[in-house]
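One structure is given here, and the rest of the page talks about it.
The values are calculated or read from the model by the stated rules, or taken from the named source; none is laboratory data. Keep in mind that what you see is a predicted model, and the values were worked out from it rather than measured. Here the Cβ positions follow ideal geometry from the backbone for every residue, glycine too, while neighbour counts run over all protein chains shown. Side chains included, ligands, DNA and RNA excluded: accessible areas come from the protein's heavy atoms. Shrake-Rupley method; radii C 1.70, N 1.55, O 1.52, S 1.80 Å.
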Amino acid sequence: MNYAIIAAGEGSRLAQEGVQKPKPLVQLNGEPMIGRLISIFDSLNAESISVIVNNEMVEVQDYLQSVTTQCPLNIVVKSTPSSMHSFYELSKIMKPGKFCLTTVDTIFRVSDFAPYIKAFEAEDNFDGMMAVTPFIDDEKPLYVATDEHDVITAFCDSFQPGIKYVSGGVYALSDKAFPVLNRCIDSGISRMRNFQRALIEGGLSLKAYPIPKIVDVDHVGDIIKAEQFISEQ
């Protein structure tokens, strides 16, 4: 399995609230968020890990250069207008095959994440397996509609009757997703949620994988919550 991390955002909300470190280097229980993700992926026998940071994140670039992994660690330095454009830049260097993509501020427990990856690695009937959760921690959640077998039928900006989950911001996909991503870029489509809609419109089959709780670190208060959450495992 290949892994990719989007860490090119500015982290403006944290900065406005007094956090001086770049978001990827914000520490959770003494470990930088980006280092924690890389360590988790590496422990799961990653074939490669690809990371994108923006041009201004010199401190993050230096940190990544010091990280040691068992697999290739590929670093893209480029400022982009959106997470989807960051994903597009990563796709240019990612190996063919299955991959898992996440943003740097998406926090999950290893005990939940490892079975999710194992399930997708063994999955032959679906083109993707999206981590979803009933726990809403996002200011603008993406609601995920599913059928009785947890096959994803739609991605919705607002709650609709019968919806059980929201997106956890973790995407396990096959490389069939890359042509869809390219079409989105060529068409001027932006935002990851619109890319996910395009996956369904493009005929890819997606399964929802429920995880009890996934949190985002967008504000100072989220740091303490995230530390407590990952300490519970």
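Some observations on this one:
- Nonlocal amide H pairs with Met129, under 5 Å, H built at 1.01 Å: Ala172, Leu173, Lys207
- Ranked order, Phe159, Phe108 - accessible area, probe 1.4 Å, largest first: Phe159, Phe108
- Candidates Ser174, Ser83, Ser66, ranked by Gaussian network fluctuation over the chain, Cα under 10 Å, top entry: Ser66
- Derived scalar couplings ³J(HN,Hα) [region 205-219; Karplus, 6.51 cos²θ - 1.76 cosθ + 1.60; whole Hz; x for Gly, Pro]: 9, 10, 10, 8, 10, x, 10, x, 8, 9, 10, 10, 10, 10, 10
- Taking amide H positions as modeled 1.01 Å from N, with prolines and chain starts lacking one, the residues under 5 Å from Thr153 and 5 or more places away or on another chain are Ala145, Thr146, Asp147.
- DSSP assigns beta bridges within region 1-155; of those with both partners inside it, close to 25 percent run antiparallel.
- For the residues Pro161, Pro72, Pro115, a GNM of the chain with alpha-carbon springs under 10 Å puts the largest fluctuation on Pro161.
- When only Cα pairs below 8 angstrom with a gap of at least 6 residues are kept, region 15-152 shows a relative contact order of 19 percent.
- The string of couplings for region 137-146 from the Karplus curve (6.51, -1.76, 1.60, θ = phi - 60°) is 10, 9, 5, 10, x, 9, 7, 10, 8, 9 Hz, one whole number per residue in order, with x for Gly and Pro.
- Accessible carbon and sulfur surface of the chain relative to its total accessible area, %, 1.4 Å: 48
- Cleavage-rule hits (GluC sites (Glu not before Pro)) in region 89-164: DSSP loop, at most 12 neighbouring Cβ within 10 angstrom: Glu139, Glu148
- Part-to-part distance (alpha-carbon centres) for region 114-179 and region 195-233, which is given in Å: 9
- Cβ-defined net charge surrounding Glu59, 14 Å radius [Lys, Arg +1; Asp, Glu -1]: -1
- Paramagnetic reach from Asp175 (point 7 Å along Cα→Cβ, amide N under 14 Å) across region 24-53: 47-48
- For the chain, built as a Gaussian network whose Cα springs stay under 10 Å, the top-fluctuating residue of His219, His149, His85: His149
- Mean Cα-pair separation over length for the chain, i.e. relative contact order, pairs under 8 Å, 6 or more apart, %: 24
- Over 27 Å between alpha carbons, listed pairs Lys21/Lys95; Lys140/Lys164; Lys21/Lys164; Lys23/Lys213; Lys21/Lys98: Lys21/Lys95; Lys21/Lys164; Lys21/Lys98
- Remark: the chain carries a charge dipole of roughly 280 debye about the Cα centre, counting +1 on each Lys and Arg Cβ and -1 on each Asp and Glu Cβ.
- Ignoring lysines fewer than eight residues from Lys92 along the same chain, the ones with Cα atoms less than 19 angstrom from its Cα are Lys78, Lys176.
- Cβ-based charge dipole, the chain, positive-most Cα from Leu204, Val215, Met33: Leu204
- Summed over the residues of the chain and divided among them, the accessible surface reaches 45 Å² per residue at a probe radius of 1.4 Å.
- Rounded to 5, the percent of DSSP beta bridges in region 119-233 classed as antiparallel: 70
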